[in-house]
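Participant: After the structure tokens below, expect a handful of questions from me.
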Amino acid sequence: MPIKDKAKAAAYKKEFNKKWYEKNKEKRMAQIKERKQKNKERELAYSRKNYELHHDKILERKKEYRERNKETLAAKLKIYRNRPEAKEARRAKDKEYRLRQKAAKAAAGDGKGDAVPTTTRPTATKKSKRAVDPRQDVAMSLVALHDLPTSSDVKHCPWRGICSDLST
């Protein structure tokens with residue numbers, strides 16, 4: 001028989017729901033967990049399928065985006081690299097920087113630290129090494145092996161043909 005007083009009905013319903021939720025809590029939690037897992041699996045399957053289907057298009061769009069926004073991306077990268085944390089991380093890896101810091105501390109301190117010779121790193125070394133033709137690099141190393149070979153040295157060289165070309 002339904003309760004006619006609305007306040008009593010609401011209180012009864014609230015109490016009933018409270019008891020029901022307590023009684024079925026584990027069951028509900030298991031259902032919720034299962035539902036979440038299914039949704040996650042479905043989402044993963046969808047994204048994997050989408051990635052496989054549209055991978056080329058995605059790469060093409062990324063390429064176009066980079067081309068369009070080359071200047072802004074370069075500016076953002078510059079800002080990102082100039083952050084104090086990024087500089088510190090790079091410096092921590094840089095051996096020569098640490099040596100210079102040690103030398104500076106030794107010079108500024110009371111002489112207890114070891115004085116470390118500082119070396120400056122030329123900025124164009126990597127570029128110049130890349131610019132050398134690999135064949136020329138091999139040839140230069142062969143010449144260095146022979147200490148600028150004379151004609152008598154060339155006869156005994158295992159790389160006779162190459163070295164004879166170099167000596168001329």
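Values quoted throughout were computed directly from the atomic coordinates according to the rules given, and no laboratory measurement underlies them. Predicted, not measured: the structure shown is a model, and the values here were computed from it. Cβ: placed from backbone, ideal geometry, glycine included. Neighbour counts: every protein chain shown.
Participant: Pop the C-beta distance of Arg68 and Ser47 into the FRET formula with R0 = 30 Å and round what comes out to the nearest 0.05. Don't skip to the answer; put the middle values down first.
Facilitator: Values: r = 25 Å, r/R0 = 0.85.
With R0 = 30 Å, the Cβ-Cβ based efficiency is 0.75.
Participant: Using every alpha carbon pair in the range 69-112, what percent of pairs falls into each 10 Å bin from 0 up to the bin containing the largest distance?
Facilitator: Taking every Cα pair in the range 69-112, the percentages come to 25, 31, 26, 13, 5, 1.
Participant: Which value results for Rg/Rh of the range 19-96 when Rg is the Cα radius of gyration and Rh the Kirkwood radius based on the inverse mean 1/r? The partial results should precede the final answer.
Facilitator: Working: Rg = 23.9 Å, Rh = 17.9 Å.
Ratio of gyration radius to Kirkwood radius: 1.34.
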